[in-house]
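S.K.: Encoded as structure tokens, here's the structure I'll be asking about.
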Amino acid sequence: MGMAITIRNQIAKRAAAEIRTGMVVNLGIGIPSMIPNHLAEDVHVMFHAENGIVGMGASPIPGEEDENLCNAGGLPVTIIEGASYCDSAIAFAMIRRGKVDITILGALQVSGKGDLANWIVPGKKIPGMGGAMELAQKTQKVIVVMGHTDSKGQPKILQQCTLPLTSKSCVDMIITDMAVFDVRREGLVLREYFDGCTIETIKRLTGCQFTISDQVRVIPKE
Amino acid sequence: MDNPFGKITDIKQVMEHFDNGMTIMFGGFGGVGTPPSLIDAMIMKDLRQLTLIGNDAGFPQIGIGKVVSRGMADRLIASHIGSNPIAGKLMTDGKLSVEFSPQGTLAERIRAGGVGIAAILTDIGMDNEMVAGDKQICYIDETPYLVETALTAEVSIVYAKKADPFGNLVYDKSARNTNPLVAMAGDITIAEVEEIVPLGDLQPGEIITPGVFVDYIVPSVGVNWKWAWQ
């Protein structure tokens, strides 16, 4: 993704505000991995990883990495007090049983109905779904963080996804570099947008209709 | 070390159980928890036409990726190959057939194989053509579920921190991942371990894989690849 680091952090910070004490949270790679840096100190959560960790902590300091302690993306992590290890079946038991409160992940496309496409580009990239289907289908709240448009400036929020779906009607919230939408039964609701954007621009760069919350809020720039 | 059960052996001996065309299941997640010495021995033996079953295709020079990248497998059942571009190329070129299974479903299929169950029922990927395909559907109280069949292998290879002579295993942190499941699903299960300790040294309560599932134990030379983050 070609977005500047300040913009990626802006998205991560907004996503972090959805996380409350006591939650079990699964973060995808990319922008989601920046979210822990934006959590308030008094927010105590357990970060879950598909490879069998509950209670991941900060990245280790260079030189203190443990090759047998990595997150699902293969990067070294640490653990916090109260952490536990389990096998992959149990890690996914937690997901399928709805014990993971929030998952925050990237997407290629999202539809106005909350359909998620984030695993395949036909003819280009067929990496496999990994754990995305379980997370999308079974986590209590699915938050997508992504650029509002793709590298060619085309909308990534569409009436209907053109890429193969990971899961239907699973996304609850979309946070982009421009706006924050709730995905409701009746469609998308614009609830916030970043200072510097206008509703007109957001309309132009969004591939489906949305309603505007009567409490729509502007998020001030840092 | 006393070897009352005859399970402690060495890499050379244990390689007699490997052959071309076999189905081999491997523990590990992105190479973490994949047995490095057994992987190298498989490469030395230059096995061919393997069917591999495991979480992912590793990285080109890490874990099972070393085997996949050398074209030793013609079939792979995994949840993703995203970290191994060579696997992607082999697939695109028609040299490697890949069956993708959602990660949790794959873990449960391996577990099912390991616990003697024929299949599991799940709604994961139910509305996804690439997962559901022409799989059998089973209704429980009018709710449809996919029938996801169990997976077993002729040989399972796992990586553990410690074993005792009976093959009781403990794993190291997140290197546990799929290993306890894979250990149960092999007709022959070989555990490569960092340390072999005398009987009685492992606390019965801390053992993750009971030695019942382990046929052979081989000492490891340790991880000899460079991690992506290094």
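Read-outs throughout are calculated quantities, based only on the coordinates presented, and are distinct from any laboratory measurement. Only a predicted model underlies this, so the values are computations on that prediction, with no experimental measurement involved. In this analysis, Cβ positions are derived from the backbone assuming ideal geometry, glycine residues included, and neighbour counts consider all displayed protein chains.
S.K.: Using +1 at the C-beta of Lys and Arg and -1 at the C-beta of Asp and Glu, which of A:Val142, A:Gly74, A:Gln159 has the Cα lying farthest in the positive direction of the dipole of the stretch A:5-219?
M.R.: The residue sitting farthest along the positive end of the dipole is A:Gln159.
S.K.: How would A:Val45, A:Val110 line up from fewest to most surrounding beta-carbon atoms within 10 angstrom? All intermediate terms of the calculation are to be shown ahead of the outcome.
M.R.: Values: A:Val45 19, A:Val110 27.
Listing A:Val45, A:Val110 from fewest to most nearby Cβ atoms yields A:Val45, A:Val110.
S.K.: What is the mean number of Cβ atoms from other protein chains located within 10 Å of the Cβ atom of each residue in peptide A:63-70, rounded to a whole number?
M.R.: Average per residue, whole number: 6.
S.K.: Take the Cα of A:Lys124, step 7 Å along the line toward its Cβ, and report every residue of the stretch A:150-177 whose backbone nitrogen sits under 14 Å from that point.
M.R.: A:150-156, A:162-164
S.K.: Given just the C-alpha atoms of the stretch B:152-230, how large is their convex hull per residue in cubic angstrom? Display every interim value, and only then the final one.
M.R.: Values: hull volume 8.0 nm³, N = 79.
With only Cα atoms used, the stretch B:152-230 gives 101 Å³ per residue.
S.K.: Also, quick follow-up: Ranking B:Ser79, A:Ser59 by Cβ neighbours within 10 Å, fewest first, what do you get?
M.R.: By the 10 Å Cβ count, ascending, the order reads A:Ser59, B:Ser79.
S.K.: If I model a spin label as a point 7 Å beyond the Cα along the Cα-Cβ vector, how far apart are those points for A:Thr162 and A:Ser33 in nm?
M.R.: Output for this residue pair reads 3.0 nm.
S.K.: How well do other chains shield peptide B:94-106, expressed as the mean number of their Cβ atoms within 10 Å of each residue Cβ? Display every interim value, and only then the final one.
M.R.: Numbers: counts 0, 0, 0, 0, 2, 1, 7, 3, 13, 15, 16, 6, 5.
Per-residue shielding by partner chains comes out at 5.
S.K.: When the chain is fully extended, how far beyond the present Cα-Cα distance does B:Asp187 get from B:Glu142, taking 0.36 nm per residue of separation? Numbers along the way, then the final one.
M.R.: On the way: separation 45, 0.36 × 45 = 16.20 nm, distance 3.64 nm.
Computed gain between B:Asp187 and B:Glu142 is 12.6 nm.
S.K.: With charges set only on the Cβ (+1 for Lys and Arg, -1 for Asp and Glu), what does the dipole of the stretch A:5-219 come to about its Cα centre, in debye to the nearest 20?
M.R.: Taking the Cα centre of the stretch A:5-219 as origin, the dipole is about 960 debye.
S.K.: Let me ask something additional. Radius of gyration and Dmax for the stretch B:103-185's Cα atoms, expressed in Å?
M.R.: Answer for the stretch B:103-185, Rg first and Dmax second: 15.6, 49 Å.
S.K.: Percent relative contact order of the stretch A:5-219, based on C-alpha pairs within less than 8 angstrom and at least six residues apart? Walk me through the numbers on the way to the answer.
M.R.: On the way: 467 pairs, mean separation 36.9, N = 215.
Relative contact order for the stretch A:5-219 comes out at 17 percent.
S.K.: Can you give the convex hull volume of the alpha carbon atoms of the stretch A:5-219 per residue, in Å³?
M.R.: 136
S.K.: Per residue of the stretch B:176-183, what does 6.51 cos²θ - 1.76 cosθ + 1.60 with θ = phi - 60° give for ³J(HN,Hα)? Whole Hz please, x for Gly and Pro, Karplus curve as stated.
M.R.: After applying 6.51 cos²θ - 1.76 cosθ + 1.60, I find 5, 5, 8, 4, x, 6, 4, 4 Hz.
S.K.: A follow-up question, please. Would you work out the relative contact order for the stretch A:34-113, in percent, from Cα pairs under 8 angstrom that are 6 or more residues apart?
M.R.: 27
S.K.: In addition: Calculate, for B:Met22 and B:Thr92, the FRET efficiency according to 1/(1 + (r/R0)^6) with r their C-beta to C-beta distance and R0 22 Å; round to the nearest 0.05.
M.R.: According to the calculation, E is roughly 0.30.
S.K.: Rounded to whole Å and sorted largest first, list the principal axis extents of the Cα atoms in the protein assembly as shown.
M.R.: Extents along the principal axes, in whole Å: 76, 47, 44.
S.K.: Same structure, new question: Could you line up B:Ile157, A:Ile79 from fewest to most neighbouring Cβ atoms inside 10 Å?
M.R.: Final ranking by Cβ density, sparse to dense: A:Ile79, B:Ile157.
S.K.: Taking a threshold of 25 Å on the Cα-Cα distance, which of the pairs A:Lys113/A:Lys138; A:Lys124/B:Lys66; A:Lys168/A:Lys203; A:Lys156/B:Lys135; A:Lys99/B:Lys161 fall above it? Spell out each step's value before the answer.
M.R.: Working: A:Lys113/A:Lys138 17 Å; A:Lys124/B:Lys66 23 Å; A:Lys168/A:Lys203 23 Å; A:Lys156/B:Lys135 31 Å; A:Lys99/B:Lys161 29 Å.
Exceeds cut-off: A:Lys156/B:Lys135; A:Lys99/B:Lys161.
S.K.: Here's another thing I want to ask about it. Provide a whole-number value for the mean count of partner chain Cβ atoms within 10 Å of the Cβ atoms in peptide B:165-176.
M.R.: Numbers: counts 0, 0, 0, 0, 0, 0, 4, 5, 11, 18, 8, 10.
What the average comes to for B:165-176 is 5.
S.K.: Within the stretch A:173-222, which trypsin sites (Lys or Arg not before Pro) sit in a loop by DSSP and count at most 16 neighbouring Cβ atoms inside 10 Å?
M.R.: Filter output for the stretch A:173-222: A:Arg185, A:Lys221.
S.K.: May I pose another question? Given the rule -39500 (n - 2.57) for each run of at least 4 DSSP H residues, summed and divided by the residues of the protein assembly as shown, what is its mean residue ellipticity at 222 nm, to the nearest 500 deg cm²/dmol?
M.R.: About -5000 deg cm²/dmol.
S.K.: May I have the extent of the alpha carbons of the stretch B:70-119 along their three principal axes, as whole Å values ordered from largest to smallest?
M.R.: 35, 18, 15
S.K.: Which residue, chosen from A:Leu188, A:Ile95, A:Ser84, occupies the Cα position most advanced towards the positive end of the dipole of the stretch A:5-219, where the dipole is computed from +1 (Lys, Arg) and -1 (Asp, Glu) charges on Cβ about the Cα centre?
M.R.: Going by the Cα projections, it comes out as A:Leu188.
S.K.: List, in order, the whole-Hz ³J(HN,Hα) value for each residue of the stretch A:156-173 obtained from phi through the Karplus relation with A = 6.51, B = -1.76, C = 1.60 and θ = phi - 60°; use x for Gly and Pro.
M.R.: 9, 9, 10, 4, 9, 5, 8, 8, x, 7, 7, 7, 7, 5, 10, 7, 9, 8
S.K.: If you don't mind, another one. Using just the C-alpha positions of the stretch B:42-87 as equal point scatterers, what log10 of I(q)/I(0) does the Debye formula give at each q in 0.14, 0.17, 0.31, 0.34 1/Å?
M.R.: -0.25, -0.38, -1.22, -1.38
S.K.: Can you work out the FRET efficiency for the pair A:His44 and B:Trp229, with r the C-beta to C-beta distance and R0 = 25 Å, to the nearest 0.05?
M.R.: Working from the Cβ atoms, E equals 0.40.
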